[in-house]
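Presented below is the structure to which this report refers.
Nothing in this text is a laboratory measurement; each read-out follows from the coordinates by a stated rule. The model shown is predicted, which means the values in this text are computed figures rather than measured ones. Cβ: placed from backbone, ideal geometry, glycine included. Neighbour counts: every protein chain shown.
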Amino acid sequence: MKLSSLIIGNSPGKGRGVFTTKDIPANADIEVSPVIELTAKERKQIEETKLYHYIFEWGKTKKKAAVALGYVSMYNHSFEPNCEYEMDYDAQTMTVRTLRKIKKGEELFFSYNGNPDDRTPLWFNTK
């Protein structure tokens, strides 16, 4: 499930990102995406490719990885996110939810650290 108002567009300085064509209320589930679970061995192989930047640590030990379908892998990072994601390892899904009201035309961001309050530096340079 993905809101029909979500689109992929150009994000200044970040490549592509996810935007909305309509206002979205706070605490709204905007996308529930199935994932493809990768073993620890498969994760190591993917980490040698461009897909490394689009996978998520997965599983209770974080040794596996997941490729999220839908738009989930296209959301950009922010330390001041307007969305968050939740992983369901049993259902093999990721849910994206708004943290506040999002205005039409706004880009949607979540923290790549998985927690909106976590400001741990990332593996790439970001503001």
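Things worth noting here:
- Scan of the stretch 65-99 for residues that are under 23 Å from Asn10 (Cβ atoms) and in a loop (DSSP other than H, G, I, E, B), ordered by number: Leu69, Gly70, Tyr71, Tyr75, Ser78, Phe79, Glu80, Pro81, Asn82
- Scanning the stretch 4-21 for residues that are in contact with a strand residue (DSSP E or B) (Cβ under 7 Å, 6 or more places away or on another chain) and either surrounded by fewer than 16 Cβ atoms within 10 Å (Cβ to Cβ) or among the small types (Gly, Ala, Ser) (or both) turns up Ser5, Ile7, Ile8, Gly9, Asn10, Ser11, Lys14, Arg16, Gly17, Thr21.
- Residues that are in contact with a Phe, Trp or Tyr (Cβ under 7 Å, 6 or more places away or on another chain) and either more than 21 Å from Arg97 (Cβ to Cβ) or not β-branched (Val, Ile, Thr) (or both), drawn from the stretch 18-37: Glu31, Glu37
- Count of residues meeting criterion [charged (D, E, K, R) and under 14 Å from Phe109 (Cα atoms)] in the stretch 1-28: 2
- Per-region count, the stretch 56-89, residues farther than 18 Å from Asp29 by Cα, among the hydrophobic types (A, V, I, L, M, F, W, C) and surrounded by fewer than 18 Cβ atoms within 10 Å (Cβ to Cβ): 1
- Residue satisfying all of: in the stretch 22-38; among the aliphatic types (A, V, I, L, M) and under 17 Å from Ile7 (Cα atoms); surrounded by the fewest Cβ atoms within 10 Å (Cβ to Cβ) among these: Ala28
- Applying the criterion of being basic (Lys, Arg) and surrounded by 12 or more Cβ atoms within 10 Å (Cβ to Cβ) to the residues of the stretch 39-55, the residue that is farthest from Ala91 (Cα to Cα) is Lys44.
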